[in-house]
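Reviewing the structure listed below.
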Amino acid sequence: MKKLLLILTLSILSFASSLPINSVVKIFSTVTEQNYLEPWENPKFYDVTGSGVIIKDNRILTSAHVVSGSNFVQVQKENDSKKYDVTVKYISNDVDLAVLEINDKTFFANTKALEISEDVKIKDSVTAIGYPIGGNTISTTNGIVSRIEYKSYSWNPWANYLTIQIDAAINSGNSGGAVINKDNKIVGIAMMKLTHADNIGYIVPSVVINTFLNDIKDNKVDGFSSTQTIVSYIENQDMKDYLGLHDDLGILIARVDIEDIELQESDVLISINGKKISNDGKIDSKYGKVSFNYELDNKQIGDTVKYEIIRNKKKIDVNYKVKISKPLIPYEFQSKPKYFVLGGLTFAPLTTNYLIKLGARASDIDTMLYKDKKTNEITQRVVWLQKIFPNKINRGYYSNTYIVTKVNGITIKDFNHFVNIIDTTKDEYIVIDFIESKKVILKTKEARESFEQIKNTYGLKSDRRLE
């Protein structure tokens, strides 16, 4: 029995000593939280900690949410009291990944860059290595790969990407840390966990990591494929008969993004790059059945994929250019919110950030804006914020989230266009029309001159932030 225990103990020590703890670092980040309800106010600062892993070319890979909006970032190695300043070189908020660089290359002494492996499957054993909150030393947890499927990331819940579910414990602070296989190769980066379940964590898969790293080879982040085109799954047999479908293949294009000039409403997508698309939007991949978007997400912006399409009950091939098409109501990850004060009324671009602060949903607004969701005339919506600085010039006006349509009869294309019209108009009055059938009318000269008094009364520094 003693011999058996000794063998087990030696095996455990041997396994522990083989873990690449000199490849994982602790990250200290000071980040800002912008105020979208009152964008003229200074942002809040707070400290976060996370993990990172050393990869080739003296770079550190981590989660975007650990360093996004950061003002100051440092890293520290295991058993080293020194903290090193780092620069956030590249960041992809789409898939919650970032690359950090260190000027002081002595940091990398006695460290090892880990390789990345896309060879991962269900039931593979994995180890999560990082610095969860509650300790200053490296923590390791073991588990297996439970699922590989498409899922929204908590940092970017407005899109779905390939995700690996593991049952190794992941906690706050693990974010950005490596999840490795038995060969000490990276199969993913820890990013989130389910709070209402035991040991259900999610990692960004290595195939997504490699797509990101390929993207930044030209020293800039282009991003991942995105479109406002909407597809519908085809489950109803009557719909299949109507569309002339005789098998379980195909999904329907229900609405087409203005930038997706290759597609038409009512097209049926049958295959992508030769891979058949089932009625639930799935294709075969090396990770099993996954969303057809897998073929788009693994491409770089500007690449093409080949769709087989049924259009007007005839099969055709269409070359589709992979692109980024931003929504009319975007979510901003790192930007300082823009604003403009006119006669004590505050205007800003309409963002999902603002709607979240109000407890509203972008989809609620989308419905109202359906007809002009993406047009050549309108690329960004402007909103009158729920804030007014009371002054005699705005007497009788009450703040609300009204969406601007026109200024002095001119349709507003975007926020800068809105400000430019007001700044350059020579009309006696400024007339602002809103979607909600509301109207604001101000005397141009008095509205411009009023800010001096408003600034002094309410302690504002500027009437605008445009960049």
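The values are calculated or read from the model by the stated rules, or taken from the named source; none is laboratory data. Remember, it's a predicted structure, so these values are computed and weren't measured experimentally. As a convention, Cβ positions derive from the backbone with ideal geometry for all residues, glycine included, and neighbour counts pool all protein chains shown. The accessibility values were calculated without ligands, DNA or RNA, using every heavy atom of the protein model including side chains. Shrake-Rupley method; radii C 1.70, N 1.55, O 1.52, S 1.80 Å.
A few comments on the model shown:
- Candidate residues R381, R147, R395: accessible-area rank, largest first, probe 1.4 Å: R395, R147, R381
- Spatially, the stretch 326-357 and the stretch 27-76 are offset by 22 Å when compared through their Cα centroids.
- Convex hull of the stretch 187-234 built on C-alpha atoms - directionally averaged projected area, nm²: 6.1
- Fraction of accessible area attributable to carbon and sulfur, the chain (%, probe 1.4 Å): 48
- In the stretch 268-347, taking the dipole from charged Cβ atoms about the Cα centre, the farthest positive-side position among F340, I329, S285 is held by S285.
- Dipole magnitude of the chain, debye to nearest 20 (Cβ charges: Lys/Arg +1, Asp/Glu -1, about Cα centre): 680
- Taking the longest Cα principal axis of the chain as reference, the axis of helix 2-18 is set at about 40 degrees.
- The stretch 88-182: GluC sites (Glu not before Pro) falling in loop per DSSP and having at most 15 other Cβ within 10 Å: E115, E118
- On Cα atoms only, tilt of 415-424 relative to the major axis of the chain in degrees: 30
- Every helix of 4 or more DSSP H residues in the chain counts as -39500 (n - 2.57), and over all residues that averages to -5000 deg cm²/dmol at 222 nm.
- Here each label is just a point 7 Å from Cα along the line to Cβ, and for S152 and S462 those points are 3.4 nm apart.
- Helix 444-458 and the longest principal axis of the Cα set of the chain meet at an angle near 50°.
- Computed on the chain, with alpha-carbon pairs under 8 angstrom and 6+ residues apart, the relative contact order is 11 percent.
- The stretch 147-296, relative contact order [Cα under 8 Å, separation at least 6], %: 16
- Listed residues N273, I60, I412: farthest to the positive end of the dipole of the chain (Cβ charges): I60
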